[in-house]
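Below: the structure, in structure tokens.
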Amino acid sequence: MNLALEIAAVAARLVVEDGMEYAAAKRKAAREHGRRAELPSNEQVEDAVREHIELFCADTQPAELRALREVALLWMQRLAEFRPHLAGAVWRGTATRQSAVLIDLYCDDPKAAEIALINAGEDYDSGAIDRQGKEPLNVLTVATLSRALGEPVTVHLSLHDHDDQRGALKPDARGRSWRGDLGAVQSLLEASP
């Protein structure tokens, strides 16, 4: 097995068992190997995540994924005015109960989403993600109870400029979308058992 695939396998374990995001999992997996190497692509990590799920969580993961998609749908409906798109493992079908729900919001005014949460009486934390060569991305984080899981789920709401939506549905190297809108999430839920 080449080094990139070994790193992908370790990263996959971190993603599934610890709920880490791909980038952080890849960096930690590379450090565990103790040497510099070319990091695997997100597609390679996703393939390894799917293999890990099939081997270790095939009996529980489908129900956990559905529960997380139901949480995502609820939040996307509540924030429909901000053109929400589901991203990450919940969208791609590799989420487990450890995964956070990632929703991209496209706003003319990022403060409007924050005001919507305040008006709805929702507690939230705000933060920012540094992006190379761009302004930091503002993220609002809420915790919401999933009745199906019987525990709180973390929902990250990333606040993008309205114009950023044009590039939001660019496909990956295999032609699959990295995110989906409200209708696409509803279709996923209707198609799943």
Report ³J(HN,Hα) in whole Hz for each residue of the range 81-95, in order, from the Karplus equation J = 6.51 cos²θ - 1.76 cosθ + 1.60 where θ = phi - 60°; Gly and Pro get x. 5, 9, 6, x, 9, 7, 10, x, 5, 5, 5, 6, x, 10, 6
Cut-off under 5 Å, modelled amide H: who pairs with residue 172 long-range: 177, 178
Please name whichever of 159, 118, 101 sits farthest to the positive end of the charge dipole of the range 61-191, dipole taken about the Cα centre and charges placed at Cβ: Lys and Arg +1, Asp and Glu -1. 101
Would you kindly derive the ³J(HN,Hα) couplings of the range 154-163 from the backbone phi angles with the Karplus curve 6.51 cos²θ - 1.76 cosθ + 1.60 (θ = phi - 60°), listing them in order in whole Hz, with x for Gly and Pro? 8, 10, 9, 10, 8, 9, 9, 5, 3, 5
Of 173, 79, 145, farthest towards positive along the dipole that unit charges on Lys, Arg, Asp, Glu beta carbons give the range 61-191: 173
Beta carbons within 10 angstrom, averaged per residue: use that to sort the peptides 111-121, 40-50, highest first. 40-50, 111-121
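Rounded to whole Å and sorted largest first, what semi-axes of the equivalent ellipsoid does the C-alpha gyration tensor of the range 101-145 yield via the square root of 5 times each eigenvalue? Numbers along the way, then the final one.
Numbers: eigenvalues 83, 34, 16 Å².
They are 20, 13, 9 Å, listed from largest to smallest.
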What dipole magnitude, in Debye to the nearest 20, does the range 50-193 give about its Cα centre under +1 on Lys/Arg Cβ and -1 on Asp/Glu Cβ? 460 debye
Full extension from residue 18 to residue 174: what is 0.36 nm times the residue separation minus their Cα-Cα distance, to one decimal in nm? 53.5 nm
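With r defined as the distance between the Cβ atoms of residue 2 and residue 128 and R0 fixed at 41 Å, what FRET efficiency is calculated, to the nearest 0.05?
0.70
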Given R₀ = 22 Å, what would the calculated FRET efficiency be for residue 143 paired with residue 66, taking r from the Cβ atoms and rounding to 0.05? 0.70
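Starting with the highest mean, order 156-162, 129-135, 97-103, 186-192 by the number of other Cβ atoms within 10 Å, averaged over the residues of each peptide. Walk me through the intermediate numbers first.
Numbers: 156-162: 19.0, 129-135: 7.7, 97-103: 21.3, 186-192: 12.0.
Those peptides, ordered most packed to least, come out 97-103, 156-162, 186-192, 129-135.
Given 10 °C and 1.306 mPa s, how large is the Stokes-Einstein diffusion coefficient of the chain in µm²/s, with Rh as the Kirkwood radius over Cα pairs? Mind showing how you got there, number by number?
Details: Rh = 17.4 Å.
Translational D for this selection: 91 µm²/s.
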Listed by chain and number, the residues whose amide H is under 5 Å from that of residue 153, excluding neighbours fewer than 5 places away on the same chain and using placed H, are 144, 145, 146
Return the percentage of antiparallel bridges among DSSP beta bridges fully within the range 61-191, rounded to the nearest 5 %. 75 percent
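Any read-out appearing in this document is the output of simple, stated calculations on the displayed coordinates, not a laboratory observation. On a predicted model such as this, the values are computed, not experimentally measured, just so you know. Virtual Cβ from ideal backbone geometry, glycine too; neighbours counted across all protein chains shown.
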